[in-house]
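The values are calculated or read from the model by the stated rules, or taken from the named source; none is laboratory data. All figures in this text were calculated on a predicted structure; none of them were measured in a lab. Backbone-built Cβ (ideal geometry, glycine too); neighbour counts: all protein chains shown. These area figures cover heavy atoms from the full protein model, side chains too; ligands, DNA and RNA do not enter into them. Shrake-Rupley method; radii C 1.70, N 1.55, O 1.52, S 1.80 Å.
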Amino acid sequence: MGEFELIYRYFSALGHGPGVDLSVGDDCALLRLEPGERLAVSVDTVVEGVHFPEDMFPEDLGFRAVAVAASDLAAMGARPLAMTVALTLPDSDQLWLHSFSQGVAQAVSEFSLPLVGGDTTRGPLAICVQVMGALPLDSALLRSGASPGDALCVSGTLGDGAAALAVLQGDFTPPEGFEEALLECYLRPRARLALGRELLGVASACIDISDGLLADAGHIAAASGVGLRIQPELLPLSPALAGHAERERVLRWALSGGDDYELCFTLPPGSALPAGCTRIGEVVAGEGVDAGIDLEGSGGFEHF
């Protein structure tokens, strides 16, 4: 199966959306912004054996690759507009492609991100997803607005992505009845797009948690020129982790495990905490992130 047949068969039907004037089939897609909007763009690449296990089910991989990229739109408070996907494939395995495209289609529907273009090439398996969203001309969630006195908050629960990866690698057996829910957190992360838009104009700073809370909160601290103080006892944990006997291991997952794709944000005094979110600390004068504990290997994920 050739490149263009591959694209037509598996991906050409996924490009319809209210902001799409022209989708797959020409040299460029044509997208439409509403009056008073500007474009937000982000790109994310996942590589087999680095970002996901080699035996990952392709339907889950398709969904996850899009969700991970869409999380960056959530962190900016952007309205999803469209995406492109570049696939590097060892071969054109039709069974694999069918399953992968089903996962992408599910993500297109869930995140309102029509697939309007991309590229395919031969090589080691890698997926590159570029997402585009719309923001008001005068508003965006940035990393640079936190001030001393703001509350430091997160959405959802922390550590589930890292714990699920430990399950997949055979290093952790969760309590009975929790394994499926835990794996769902890793295989099917939910980009917090609705929350990002709710925080627009409210939160003073925001970032999504991909490389670990300490590392990503550190970006807010650096960009804002402040310090962040985290109270570990306030970290929200899922039932699968809350009763774990090894507290240090759970804290390491929650603070530096990554792959949670929740939002970490700061709220000015007097702001209402959104539903499903937890205050975990505060913004202080100074620099860096202080969680009051010293965990070995807690610096978060780095490629180099």
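Of all residues in segment 218-258, which are under 16 Å from residue 286 (Cα atoms), among the aliphatic types (A, V, I, L, M) and touching a helix residue (DSSP H, G or I) at 6+ places or on another chain (Cβ under 9 Å)?
226, 228, 230
Check residue 95 against each of (1) out of contact with any Ser or Thr (no Cβ under 8 Å at 6 or more places or on another chain); (2) farther than 23 Å from residue 38 by Cα; (3) assigned to a strand (DSSP E or B) and name the one condition it does not meet.
(3)
Cβ-Cβ distance below 7 Å, separation of 6 or more or different chains: which pairs start in segment 166-186 with a residue that is farther than 13 Å from residue 238 by Cα and end on one that is at pLDDT 90 or above and assigned to a loop (DSSP other than H, G, I, E, B)?
166/172; 186/259
Evaluate segment 249-261: report whether one residue or more is free of Cβ contacts under 8 Å to residues at least 24 places away in the same chain, under 23 Å from residue 179 (Cα atoms) and over 21 Å from the mean Cα position of the chain (by Cα).
Taking segment 249-261 as the starting set, the residues that turn out to be free of Cβ contacts under 8 Å to residues at least 24 places away in the same chain are 249.
Next, only the ones that are under 23 Å from residue 179 (Cα atoms) stay: 249.
This time we only want the ones that are over 21 Å from the mean Cα position of the chain (by Cα), so: 249.
Yes; the residues of segment 249-261 include at least one that is free of Cβ contacts under 8 Å to residues at least 24 places away in the same chain, under 23 Å from residue 179 (Cα atoms) and over 21 Å from the mean Cα position of the chain (by Cα).
If you take the residues of segment 36-55 that are among the acidic types (Asp, Glu) and within 26 Å of residue 133 (Cβ to Cβ), which of them is surrounded by the most Cβ atoms within 10 Å (Cβ to Cβ)?
Here the residue is 44.
Specify which of the listed residues (60, 27) is of a type in the set (D, E, K, R) and within 28 Å of residue 263 (Cα to Cα).
When all the criteria are applied, what remains is 60.
Failed condition for residue 87, given (1) within 13 Å of residue 191 (Cβ to Cβ); (2) out of contact with any helix residue (DSSP H, G or I) (no Cβ under 6 Å at 6 or more places or on another chain); (3) hydrophobic (A, V, I, L, M, F, W, C), with all others met?
Result: residue 87 fails condition (1) only.
Mind listing just one residue for me: the one in segment 249-293 that is surrounded by fewer than 15 Cβ atoms within 10 Å (Cβ to Cβ), at pLDDT 95 or above and among the hydrophobic types (A, V, I, L, M, F, W, C) and, of those, nearest to residue 149 (Cα to Cα)?
Ranking the qualifying residues of segment 249-293, first place goes to 285.
Taking residue 245 as meeting all but one of (1) surrounded by fewer than 24 Cβ atoms within 10 Å (Cβ to Cβ); (2) outside any helix (DSSP H, G or I); (3) within 18 Å of the chain's Cα centre (by Cα), write down the number of the exception.
The one condition residue 245 does not meet is (3).
Can you name the residue in segment 133-165 that is under 16 Å from residue 37 (Cα atoms) and in a loop (DSSP other than H, G, I, E, B) and is also most open to solvent (accessible area, probe 1.4 Å) among such residues?
138
Can you give me the number of residues within segment 77-93 that are surrounded by 24 or more Cβ atoms within 10 Å (Cβ to Cβ) and over 20 Å from residue 12 (Cα atoms)?
Residues meeting the conditions: 2.
With the checklist (1) out of contact with any strand residue (DSSP E or B) (no Cβ under 8 Å at 6 or more places or on another chain); (2) part of a helix (DSSP H, G or I); (3) free of Cβ contacts under 8 Å to residues at least 24 places away in the same chain in hand, flag the one item residue 12 doesn't pass.
All conditions are met except number (1).
Pull up segment 98-115, narrow it to residues that are in contact with a Leu (Cβ under 7 Å, 6 or more places away or on another chain) and outside any helix (DSSP H, G or I), then point me to the one that is surrounded by the most Cβ atoms within 10 Å (Cβ to Cβ).
The selected residue is 115.
Do the conditions hold for residue 164, that is, is it of a type in the set (A, V, I, L, M) and out of contact with any Cys (no Cβ under 7 Å at 6 or more places or on another chain)?
Criteria not met by residue 164.
Looking at segment 167-192, which of its residues are out of contact with any Lys or Arg (no Cβ under 8 Å at 6 or more places or on another chain), assigned to a helix (DSSP H, G or I) and open to solvent by 10 Å² or more (accessible area, probe 1.4 Å)?
Within segment 167-192, 167, 168, 179, 180, 181, 183, 184, 185 qualify.
Take the conditions more than 15 Å from the chain's Cα centre (by Cα), farther than 19 Å from residue 192 by Cα, open to solvent by 30 Å² or more (accessible area, probe 1.4 Å) and outside the structural domain of residue 69 (by the TED database) and apply them to residue 240. Does it pass?
Answer is no for this residue.
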